[in-house]
1. Starting from the Cα-Cα distance between E103 and D190, subtract it from 0.36 nm times their residue separation and give me the gain in nm to one decimal.
2. What FRET efficiency do you get for K114 and A205 if R0 is 35 Å and r is their Cβ-Cβ distance, rounded to the nearest 0.05?
3. Might you tell me the accessible area per residue for the stretch 90-201, computed with a 1.4 Å probe and given in Å²?
4. Under 25 Å between alpha carbons, and skipping anything fewer than 8 positions from K82 in its own chain: which lysines qualify?
5. Given a Förster distance of 41 angstrom, what is the FRET efficiency for T56 paired with V173, based on the Cβ-Cβ distance and rounded to 0.05?
6. Once amide H atoms are placed 1.01 Å from N in the peptide plane, what residues at a sequence separation of 5 or more from T115, or on another chain, have their amide H within under 5 Å of its amide H?
7. Run a plain Debye calculation on the stretch 73-209 (Cα atoms as equal point scatterers, no solvent) and give log10 I(q)/I(0) at q = 0.10, 0.12 Å⁻¹, rounded to two decimals, same order as the q list.
8. Could you calculate the contour length gain from E150 to A91, that is, 0.36 nm times the residue separation minus the distance between their Cα atoms, to one decimal place in nm?
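The values are calculated or read from the model by the stated rules, or taken from the named source; none is laboratory data. Predicted model, so just to flag it, every value in this text is computed and none were measured. Ideal geometry is used to build each Cβ from the backbone, glycine not excepted, and the neighbour counts take in all protein chains shown. Note: areas computed on protein heavy atoms with side chains; ligands, DNA, RNA excluded. Shrake-Rupley method; radii C 1.70, N 1.55, O 1.52, S 1.80 Å.
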Amino acid sequence: MKPPTTSRVGRRLRPALAVAAAAGLASVLPLAGTASAAPSFDAYPQFGGYAHRTVTTADGQTFDLRLAADKTFLPASGGTIKVKGAGYNRAQGIFLAFCAIPEGVHVGDPATYKTLPGPCLPGRETKDGSSRWITDTGTGTPEITFPYKEGGKFRTTLDNLRPEIKDGVVCDVTVQCAIVTRADFTATNDRLYDQYIPVHFAPAADGDR
């Protein structure tokens with residue numbers, strides 16, 4: 001009997017190789033929708049984040065809100081994250097900020113988004129680029145406030161992000177933190193526009209604590 005050709009062997013091995021590859025991938029990536037410890041900062045320094053929800057306003061309009069960030073892990077000293085959004089309601093301004101995730105909020109489950117996100121950077125006194133106001137009203141602070149683009153889109157950065165939100169409120173220590181959108185001060189109690197992309201910081205070196 002002739003031995004099987006190389007192509008037949010290859011065909012027989014493909015299923016086994018596929019199973020092995022899937023098992024290897026599963027060992028390093030958590031399953032979507034499951035809770036897990038944050039991946040190592042060194043292993044995933046550029047790991048991005050995404051949030052999505054579909055909402056219907058009181059007047060029956062439906063909006064497909066999408067939010068993305070280019071990274072969700074920062075050094076202990078902090079840094080800048082690029083953020084973009086699409087599908088937002090141009091008739092409703094939003095704040096884009098870096099905030100503590102409120103107790104009781106389960107990221108990815110909008111039914112739990114019942115509390116105003118916060119506290120947030122930078123606080124009330126400064127405008128350092130760690131928050132933005134997206135609105136078509138034509139008002140606001142230059143370089144902090146931007147209008148929407150076509151399709152309810154925006155693209156900007158959040159700068160000077162750091163783990164200490166305020167005294168006693170420290171990301172990954174006393175609270176979990178996230179890039180957040182929410183309705184602006186014209187509709188503070190409206191939770192339709194709340195979205196969260198969790199962000200983590202590398203542990204501080206002993207000399208930096």
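1. Values: separation 87, 0.36 × 87 = 31.32 nm, distance 1.77 nm.
The E103-D190 span can extend by a further 29.5 nm.
2. Computed FRET efficiency for K114 and A205 comes out at 0.40.
3. Here the per-residue accessible area is 50 Å².
4. K71, K127, K149, K153, K166
5. 0.65
6. Those qualifying (amide H under 5 Å, at least 5 residues apart or on another chain) number zero.
7. -0.32, -0.46
8. 20.0 nm
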